[in-house]
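Heads up, the thing below is written out as structure tokens.
The values are calculated or read from the model by the stated rules, or taken from the named source; none is laboratory data. Quick caveat: nothing in here was measured; it's all calculated off a predicted structure. Reconstructed Cβ throughout: ideal geometry from the backbone, glycine too, with neighbour counts over all protein chains shown. The area values use the complete protein model at the heavy-atom level, side chains included, leaving out ligands, DNA and RNA. Shrake-Rupley method; radii C 1.70, N 1.55, O 1.52, S 1.80 Å.
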Amino acid sequence: MKLSQQIADAFERYCLEYFQKDFSKHKNYLLKVAFGRNSSIISIKHFDEAILIYATDPNRGVRELYNVLQSAIEATMQPVEEKASALLCQYNNSTLEVEEFDDDIVKVQSSSDPSNSYTVNLDSLECDCPHFQKIKFAGMVCKHILLANELFGENRSVGERKETSPAPEITVPLILDMQITDTVFYYGSQKLTKRERRGNSHIPSGIRYVLEGTSPEMAIYAIENNDTLLLIGESGVGKSKMIQYFAQETNTPLINACGHNEITVENMLGSLMAINGSTVWKNGILPEAMSKGYWLLLDEINSIDPGVMKVLNELLDNRRITITVAGQPRLVKAHKGFRLICTMNPPDSPIYKGIEMMSFELMDRFETVIYMDYLSPDTEAKLIMSQTGYTDEMTARKIVQFANSIRLAMKQGEIFATVTTRSLISFCKKAVSFDIRTSAETAILRKMSSADRDKALDLFNAIFK
Ligand SMILES: Nc1ncnc2c1ncn2[C@@H]1O[C@H](COP(=O)(O)OP(=O)(O)O)[C@@H](O)[C@H]1O
Ligand SMILES: [Mg+2]
């Protein structure tokens, strides 16, 4: 039986047994105490509806209630999940001992007080831990099942610790189906389903982005239809920003990593860390995003580490990966909300020569590949004005024209530098206070080699006669 199912069942058993006695008090307890700060993500309206259903149909009411509370349970249990991983690690390293194991009864040391131990019945999901006795809340049941299951896996073969057994399937517990409201984000013919708003620091904010043309439409299609997505485009065309914007608009947590420095095996998959004298496995961004249903944006993926590539190939083929934790294989399945989005610069562009091409193996596995270009001159001019407070439209258009002449020269291999929308924005910001030439120098021309700068200056002089 899957762990999430066990938890749902435990919750059901608990509610049916307990709510009959004093429901209203319990509601208060659940909202105010059990979920603490996470109670803000519980929809009170749906909660009350579930209580009403419960009055006439307890079984259905419990299921409704569970749906309403899922997200809050998930958020509340996240630290528990981390603790469980740490325990598993200790167990594998033989620093944690199981005192007894008798059929379905497991006696384990208390992690908070090692001189204490308690028993967990894996069958009835009962536990004699005093904490559980005191706070009769399904979450506490879950906590112990969670620990026990992490320790012993589905087959519960404690004696077999040292043998390499087949990868236990870690259906990451408490990460249940995403709560999705019926509101959607539309662009063109496509729509993205929004998630319920909840406090998560990975949800981007403060992003302003102008959508134009069919690229964003196709990107939305890919994300909504769970296609793995690769965005190709010159630096600064807005590849990363577009994904961050979509994440912001749909309340989706997003993890972003970039190129050589961040897309490493350690960072992506995870590593062992010493915490308070014990070695603890810390998940990398890939299992983290996969299990929690976040989006993962990998920028500048042209040349990635072969170790990471192998795992990405596995992921793109099966929506699951195997990572090795303390010598044990561990299977991580992708949550249905998880998306992988990659970006790269155009492989045939002269300025990126020398950057390795993405391997065909990996490239071939992307289901949607979109080529993104700079905004149209009209839109780009409006954008740089709106983001900087620059008001001279004629000059703003010339600034964009200047940028496009450099971009063209770059495509033709005459200049080995490009002008990003980002640097046009800083150009325009300076133009609010300084003359055009000085602004161009500091925002754009000084970044170039002297040969490129001479050519760019010719283009500049031709436009700003
Ligand atoms: N469509 C757009 N709307 C708003 N800003 C944009 C847009 N395209 C690019 N930009 C600006 O250009 C900058 C670079 O975008 P970014 O997404 O980092 O480029 P890329 O990932 O393609 O290299 C952004 O920070 C933003 O200021
Ligand atoms: Mg980028």
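Residue-wise test of (1) of a type in the set (Gly, Ala, Ser); (2) touching a strand residue (DSSP E or B) at 6+ places or on another chain (Cβ under 8 Å); (3) in contact (Cβ under 8 Å) with a residue 40 or more places away in the chain.
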| site | (1), (2), (3) |
| --- | --- |
| Thr421 | no, no, yes |
| Ile425 | no, no, yes |
| Ala431 | yes, no, yes |
| Ile436 | no, no, yes |
| Ser439 | yes, no, no |
| Ala451 | yes, no, no |
| Lys455 | no, no, yes |
| Leu459 | no, no, yes |
| Ile463 | no, no, yes |
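Restricting segment 48-77 to residues that are over 17 Å from Lys27 (Cβ atoms) and acidic (Asp, Glu) leaves a set whose member that is surrounded by the fewest Cβ atoms within 10 Å (Cβ to Cβ) is Asp57. Of all residues in segment 210-225, those satisfying the criterion of being within 16 Å of ligand 1 (Cβ to nearest atom), free of Cβ contacts under 8 Å to residues at least 40 places away in the same chain and not in a loop (DSSP other than H, G, I, E, B) are Pro216, Glu217, Ile220.
Here's the yes/no breakdown for (1) within 16 Å of ligand 1 (Cβ to nearest atom); (2) assigned to a loop (DSSP other than H, G, I, E, B); (3) polar (S, T, N, Q); (4) under 19 Å from the mean Cα position of the chain (by Cα):
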site: Asn267; (1), (2), (3), (4): no, no, yes, yes
site: Ala274; (1), (2), (3), (4): no, no, no, no
site: Leu286; (1), (2), (3), (4): no, no, no, yes
site: Leu298; (1), (2), (3), (4): yes, no, no, yes
site: Ile304; (1), (2), (3), (4): no, yes, no, no
site: Met309; (1), (2), (3), (4): no, no, no, yes
site: Leu312; (1), (2), (3), (4): no, no, no, yes
site: Ile323; (1), (2), (3), (4): no, no, no, yes
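Among the residues here, Gly293 does not qualify as over 30 Å from Tyr186 (Cβ atoms), modelled with pLDDT of 85 or more and open to solvent by less than 10 Å² (accessible area, probe 1.4 Å). In segment 364-381, the residue that is surrounded by the most Cβ atoms within 10 Å (Cβ to Cβ) out of those that are in contact (Cβ under 8 Å) with a residue 40 or more places away in the chain and part of a helix (DSSP H, G or I) is Glu380. A single member of Gly206, Gly236 is in a loop (DSSP other than H, G, I, E, B), within 16 Å of ligand 2 (Cβ to nearest atom) and modelled with pLDDT under 90, and it is Gly236. Please go through segment 248-265 and pick out each residue that is farther than 16 Å from Val184 by Cβ, in a helix (DSSP H, G or I), open to solvent by 40 Å² or more (accessible area, probe 1.4 Å) and not aliphatic (A, V, I, L, M). Those that are farther than 16 Å from Val184 by Cβ, in a helix (DSSP H, G or I), open to solvent by 40 Å² or more (accessible area, probe 1.4 Å) and not aliphatic (A, V, I, L, M): His260, Asn261, Glu262. With respect to (1) within 16 Å of ligand 1 (Cβ to nearest atom); (2) touching a strand residue (DSSP E or B) at 6+ places or on another chain (Cβ under 6 Å); (3) more than 23 Å from Ile406 (Cα to Cα), the lone exception for Leu231 is condition (3). Summed over segment 212-227, residues that are over 13 Å from Asp373 (Cα atoms) and either open to solvent by 20 Å² or more (accessible area, probe 1.4 Å) or within 13 Å of ligand 2 (Cβ to nearest atom) (or both) total 7.
For segment 235-247, give me each residue that is more than 6 Å from ligand 1 (Cβ to nearest atom) and open to solvent by 30 Å² or more (accessible area, probe 1.4 Å). If you could, list the steps in order and put the result at the bottom.
Within segment 235-247, the first condition is being more than 6 Å from ligand 1 (Cβ to nearest atom), and the residues that meet it are 242-247.
Within segment 235-247, Gln244, Tyr245 qualify.
Residue check: is Asn251 over 25 Å from Arg320 (Cβ atoms) and within 16 Å of the chain's Cα centre (by Cα)? Against the criterion (over 25 Å from Arg320 (Cβ atoms) and within 16 Å of the chain's Cα centre (by Cα)), Asn251 qualifies. When each of Gly188, Gly199, Gly206 is tested for being away from ligand 1 (no atom under 16 Å from the Cβ) and open to solvent by 50 Å² or more (accessible area, probe 1.4 Å), the lone residue that passes is Gly199. Scan segment 426-449 and tell me whether some residue there is in a loop (DSSP other than H, G, I, E, B), at pLDDT 90 or above, surrounded by 15 or more Cβ atoms within 10 Å (Cβ to Cβ) and not hydrophobic (A, V, I, L, M, F, W, C). Scanning segment 426-449, I find no residue that is in a loop (DSSP other than H, G, I, E, B), at pLDDT 90 or above, surrounded by 15 or more Cβ atoms within 10 Å (Cβ to Cβ) and not hydrophobic (A, V, I, L, M, F, W, C), so the answer is no. If we scan segment 409-421, do we find a residue that is outside any helix (DSSP H, G or I), within 16 Å of ligand 2 (Cβ to nearest atom) and surrounded by 20 or more Cβ atoms within 10 Å (Cβ to Cβ)? Yes.
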